[in-house]
Amino acid sequence: MTQTLKSTRFGDVELADEAVVEFPNGLIGLQGTRYGLIPHGEDGTFVWLHSMEDPDLALPLTKPWSFFPTYEVELSDSEAERIGVSDPGDAEVFVTVRATEEAKNFSANLRAPIIISSGRGFQVINEADDAPVRALLFA
Amino acid sequence: MLMMTRRAGQKIILGDDITIEVVEVAGNTVRLGVDAPRAIPVYREEIWTAVRAENEAAASGTELPAAPAAPPDQA
């Protein structure tokens, strides 16, 4: 089965049900609880997390370990309990990307990764020491 | 804003199921205990504010390097 995502950036996109993710608590500070995953380009480096409800709302994500091989996610017990994932290794982990005019200034938010498991997604606070909200991607 | 005075060991209750306890007061630091249903996320305000700012910046960033792929037929 597919669902239609309406996007000002991409037009109408047919998404497989598996590419639609429910965020019970939304994203921090943003509206909406249903997002679709839209691959960007062919190489899979970036993926768009696009609201199913707001055609204007989309955030680029990437998998942190392609850029930060030693990146670690540590969750507090209450956070792990809230999302029902105790080992982030069992889930898909993404970080949001801040795209700027110059690629050298692209950054990722390592403090608040997005964890997706079994069709549900959560933006969590990473308790690890070395997790800035703005880590340069191409430094 | 509602203001109230609490001492160490005293609590406030939000609704029926969120309890915030003043655990310890030491100098200018207050240690709080939050007891909330597990579905409710609890954040330190400065982290929440910084993450919201990054989310908003990510949502209003420039285009990504390569041109977006054609809409995936069955992602």
Counting only residues in the stretch A:114-130 that are of a type outside the set (Gly, Ala, Ser), farther than 11 Å from A:Glu79 by Cβ and crowded, with 21+ Cβ neighbours inside 10 Å, the one nearest to the chain's Cα centre (by Cα) is identified as A:Ile114
Picking from A:Thr62, A:Thr100, A:Thr70, which residue would you name as being touching a residue at least 12 places away in the same chain (Cβ under 8 Å) and polar (S, T, N, Q)?
-> A:Thr62
So which residues in the stretch B:1-22 are of a type outside the set (S, T, N, Q) and surrounded by 12 or more Cβ atoms within 10 Å (Cβ to Cβ), if there are any at all?
-> B:Arg6, B:Ala8, B:Lys11, B:Ile12, B:Ile18, B:Ile20, B:Glu21, B:Val22
For the stretch A:7-22 the number of residues that are under 12 Å from A:Gly121 (Cα atoms) and at the interface with chain B (Cβ under 7 Å from one of its Cβ atoms) is 1
Just for strands (runs of 3 or more DSSP E) wholly inside the stretch A:27-139: which have at least 1 residues that are facing chain B (nearest Cβ under 8 Å) and within 22 Å of B:Ser60 (Cβ to Cβ)?
-> A:34-40, A:46-51, A:58-62, A:92-98, A:120-123
Confirm whether A:Thr100 is surrounded by 23 or more Cβ atoms within 10 Å (Cβ to Cβ) and of a type in the set (Val, Ile, Thr).
-> no
Is at least one residue of the stretch A:108-120 in contact with a Phe, Trp or Tyr (Cβ under 6 Å, 6 or more places away or on another chain) and closer than 23 Å to A:Gly41 by Cα?
-> yes
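Where a number appears in this text, it was derived from the coordinates with a stated rule and is not lab data. For clarity, every value in this text was computed on a predicted model and none was experimentally measured. Neighbour counts are summed over all protein chains in view; Cβ atoms, including those assigned to glycine, are modelled from backbone coordinates with ideal geometry.
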